[in-house]
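Working notes, structure below.
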Amino acid sequence: MDVKKLLIQQSERYQTRPMLMYKDRQITFPQIRDTAFGLANHLLKHGISPDDNIALYLPNIPETLMSFLGVFSLGATVIPFDFMLTQDEIIQFVTHSRTRALILQPKKGIDIDQIKKACPTLSHIITLGEETAEAISWDRIVLQKDTREPSSPIDPGHLAAIFYTSGSTGHPKGVMLNYAHLDSPMETMDYFLKITDKDIFVCAGVPFSHIAGVDYILLMLCFASPLVLMERFQPLEFLHTIERYRGTIFCIVPAMFVAILSLKGQEKFDLSSLRWAVVFGAPSSPVLLERFKKMCPESALLNGWGMTETSAPNTYSPNDIHKIHSIGGFSPYLQAKIVDAEGNRCAVNAQGELWVKGKGVMRGYYQEEELTKEVLTEDGWLKTGDIAYCDKDGLFYIVGRKKDMIKVAGEIVFSAEVEEKIQRHPKIKEVAVIGMPDALRGEVPKAFIVLKENEQLSLQDLREFLRKFLAHFKVPHHFEFVASLPKNRTGKIDKQALQRHTTHVTRHTSHDTRQENTSK
């Protein structure tokens, strides 16, 4: 993708139309282009070249979008950091990625001078706050910007971005995507959704440190589809935003659907402008999505799939509410197959690991040759870690993640299947299932359950309900009723937090007593 060329073309075609809406700000393509080019030229002037890595530590604000486009206009490599990282984690990731320049918004606990001192590769810092001895202010760059087209070339095979997917702790795992990779999600979404400049995207707090967040930026740029930006997801404000701006497309995770459906009066909002409502990023409950469908019956409700490693998204379910549990068939740009433990292709409807191959598959993990070899075969197939099957119509279905397999006395249980069945209970708002050690069986499922407001549910009734849908060894051995479930930055349920902090929620015994949703 040649971002410079697109910025110039779109600025000439759409000179006055607002393309980015954020709170009370409306920003046009020429304004975005000038700021992006100004940033690129500033970096070039200070010795930053296309061969350098430039990190962003910013929330979901317009300056973040323009920073991405500025780095892409330079032809360098952007590394977006999660804005929830601590100072120690910033230093860890800057060091691992050998970052030369850092653009950040100051916040409590972040000391620019200490970061600069701890990171020898870091030669240039831009701050959205007050200028310091170690950092030049963003405002100065904007006021003095050189808006000429940056002189550096854009090489399709050059590294465009490194996305760290290991979360805010643990060993860094940086997914490397080239500039050619940036075209893949645009081609896929256009293939399935037929994007036009009449579409209006609503980005509901999907962080720009995630490939899904960056997709919103590229969609605005490629299709001249205006983008309404929300710094964070707030369900009531989200519905207001769709209604106010007549949004046509959004992509959110299942937990966000749960939050929307829990609102009082959510049915009063006018969502008639929606063309597509997409769920992605985690296994979703068909029952949940069917409830949402009633809110916007004229829109198409789709289930999407993709990974950072595959330049997500890569596929969408058919426009058929009865097939919403499928992730659909893959676009022409990506091959897919289901394989067994020996790597042989599975028969129709047989479960195995999903492997994919094509132009969207990552280059590899940054400075992690052995880890790359574990997931990428010599002939280019990526082992996704998703257990799935493919039906006779060529539709794929995700059963669960390898890492979410629970082995109960030798029997395999996928947490996603158990969660989907629990979610069917009319009194349950949200659920998460994890595996817990068990001396007799090795592992057993444990369910964390959030009840709907003012509801009560006995364990005996819940178990009897689940026995209608699940084999006995799949029914959780432990239940814990909680007030809410922890979420990560993309809005997914944080199961690692559940594993770490089970002692911080009220424990409930498994005898048949009345359980109330009063845990904290």
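Please treat every number below as a calculation from the coordinates, not as lab data. If you're wondering where the values come from, they're calculated on a predicted model, not measured in any experiment. So basically every Cβ, Gly included, is an ideal-geometry build from the backbone, and we count neighbours across all protein chains shown.
Observations on the model:
- With at most 10 neighbouring Cβ atoms within 10 Å, loop GluC sites (Glu not before Pro) (DSSP) excluded, longest segment of the chain: 131-297
- The chain - percent relative contact order, Cα under 8 Å, separation 6 or more: 10 percent
- Counting only alpha carbon atoms, the long axis of helix 87-97 and the longest principal axis of the chain meet at about 70°.
- With both labels modelled 7 Å from their Cα along Cα-to-Cβ, the ASP155 to LEU440 distance reads 6.3 nm.
- Applied to the range 234-246, the Karplus parametrisation 6.51 cos²θ - 1.76 cosθ + 1.60 on θ = phi - 60° returns per-residue 3J(HN,Hα) values of 10, x, 5, 5, 4, 5, 4, 5, 4, 5, 5, 9, 6 Hz, with x for Gly and Pro.
- Straight Cα distances below 17 angstrom link LYS468 to the lysines LYS421, LYS427, with same-chain residues fewer than 8 positions distant left out.
- Net charge, THR196 excluded, C-beta distance under 13 Å - Lys, Arg +1, Asp, Glu -1: 0
- Seen against the Cα atoms of the chain and their longest principal axis, helix 3-13 is set at about 80 degrees.
- The string of couplings for the range 391-407 from the Karplus curve (6.51, -1.76, 1.60, θ = phi - 60°) is 8, 5, 8, x, 8, 9, 9, 8, 8, x, 8, 3, 6, 9, 6, 10, 9 Hz, one whole number per residue in order, with x for Gly and Pro.
- R0 of 25 Å, Cβ-Cβ distance GLU453-GLU243: FRET efficiency to nearest 0.05: 0.55
- Whole-number percent relative contact order across the range 3-179, with pairs defined as alpha carbons under 8 Å at least 6 apart: 22 percent
- Among [x] 31.3; [y] 26.3; [z] 24.6, the entry derived from the coordinates for mean projected area of the Cα convex hull in nm²: [z]
- In the chain, helical runs assigned H by DSSP with n ≥ 4 each contribute -39500 (n - 2.57); averaged across all residues and rounded to the nearest 500, the mean residue ellipticity at 222 nm is -8000 deg cm²/dmol.
- Cross-link partners of LYS116 among lysines (Cα-Cα below 18 Å; sequence separation of 8 or more within a chain): LYS107, LYS108
- Dipole magnitude of the chain about its Cα centre (Cβ charges: Lys, Arg +1; Asp, Glu -1), debye to nearest 20: 920 debye
- With 22 Å as the limit on Cα-Cα distance, the pairs of LYS198/LYS268; LYS4/LYS145; LYS337/LYS407; LYS264/LYS452; LYS294/LYS487 that go past it are LYS198/LYS268; LYS337/LYS407; LYS294/LYS487.
- Aspartates and glutamates whose Cα lies under 18 Å from that of LYS373, excluding same-chain neighbours fewer than 8 positions away: GLU309, GLU342, GLU353, ASP386
- Fewest-first ranking of HIS181, HIS158, using other Cβ atoms within 10 Å as the exposure measure: HIS158, HIS181
- Applying the Karplus relation 6.51 cos²θ - 1.76 cosθ + 1.60 with θ = phi - 60° to the range 199-209 yields 3J(HN,Hα) values of 6, 10, 8, 10, 8, 8, x, 5, x, 6, 7 Hz, where x marks Gly and Pro.
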